[in-house]
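Peer 1: Before we start, here is the structure in question, set down as structure tokens.
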Amino acid sequence: MEKLENILFYTMDKSIRSYRVFAQKRLREKGYSITIDQWLILKVLMDHPGAMQQEIAEMVFKDNASVTRIIDILEKSKYVKKKVNPQDRRKFILKITPTGERIIQDVQKIVIENRAMALEGIAEKDLEIASKVLNQIIANSQG
């Protein structure tokens, strides 16, 4: 039986989890209380204005209940405003506030630094190969 450490998918998951812990720690060290997941949802809203909650959930790989909780926290933190959708009262229209826009910009700088630190020492050609392999795994897994 093969060891966990020798299974590619185990290593991929471990690398993602390690990066998230590293990135979250760096945010805290810089004085930010926002989580990586909260920032991701804000970033999605910025990049896709008018996105519905289900679309947001798909883009950040979260279930609807988790996204609902995160959006509630973002609203309490004054990063987003929710307003009932006049076409469907069960849905909300989400708008990033000026405070939310500032936090996206401030944290974006740290995100870029984090990526650079995590990818340090990896050749560009190796990153291209890794990206190609990961995209092929995605394609193979989707049908």
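The values are calculated or read from the model by the stated rules, or taken from the named source; none is laboratory data. As the structure is a computational prediction, the values presented were derived from the model and not from experiment. Every residue, glycine as well, gets a Cβ built from its backbone with ideal geometry; the counts of neighbours run over all protein chains shown.
Peer 1: Could you pull out the residue among 83, 91 that is exposed (fewer than 15 other Cβ atoms within 10 Å of the Cβ), touching a Phe, Trp or Tyr at 6+ places or on another chain (Cβ under 7 Å) and basic (Lys, Arg)? Break it down into steps so the answer makes sense when it comes.
Peer 2: Working: 91 fails: touching a Phe, Trp or Tyr at 6+ places or on another chain (Cβ under 7 Å).
The unique qualifying residue is 83.
Peer 1: Can you pull out every residue in the range 52-80 that is without any contact (Cβ under 8 Å) to a residue 24 or more places away in the chain, buried (at least 16 other Cβ atoms within 10 Å of the Cβ) and among the charged types (D, E, K, R)?
Peer 2: Once the filter is applied, which keeps residues that are without any contact (Cβ under 8 Å) to a residue 24 or more places away in the chain, buried (at least 16 other Cβ atoms within 10 Å of the Cβ) and among the charged types (D, E, K, R), the range 52-80 yields only 75.
Peer 1: Which members of the range 21-36 meet the condition of being part of a helix (DSSP H, G or I) and modelled with pLDDT under 95?
Peer 2: Within the range 21-36, just 36 meets the criteria.
Peer 1: Can you tell me which residues in the range 98-124 are surrounded by 12 or more Cβ atoms within 10 Å (Cβ to Cβ), within 24 Å of residue 77 (Cβ to Cβ) and among the hydrophobic types (A, V, I, L, M, F, W, C)?
Peer 2: Matches in the range 98-124: 103, 104, 107, 110, 111.
Peer 1: Condition check: more than 15 Å from the chain's Cα centre (by Cα) and at pLDDT 95 or above. Does residue 119 satisfy that?
Peer 2: Working: more than 15 Å from the chain's Cα centre (by Cα): yes; at pLDDT 95 or above: yes.
Judged against the criteria, residue 119 is a match.
Peer 1: Going residue by residue through the range 91-99, is there one that turns out to be at pLDDT 95 or above and of a type in the set (D, E, K, R)?
Peer 2: Within the range 91-99 (the criterion being at pLDDT 95 or above and of a type in the set (D, E, K, R)), the answer is no, since none of the residues qualifies.
Peer 1: Determine if the range 49-58 includes at least one residue that is among the hydrophobic types (A, V, I, L, M, F, W, C) and not in a helix (DSSP H, G or I).
Peer 2: Checked the range 49-58: at least one residue is among the hydrophobic types (A, V, I, L, M, F, W, C) and not in a helix (DSSP H, G or I).
Peer 1: Among the candidates 44, 107, single out the residue that is without any contact (Cβ under 8 Å) to a residue 24 or more places away in the chain, assigned to a helix (DSSP H, G or I), under 30 Å from residue 138 (Cα atoms) and β-branched (Val, Ile, Thr).
Peer 2: Going through 44, 107 in turn, the sole match is 44.
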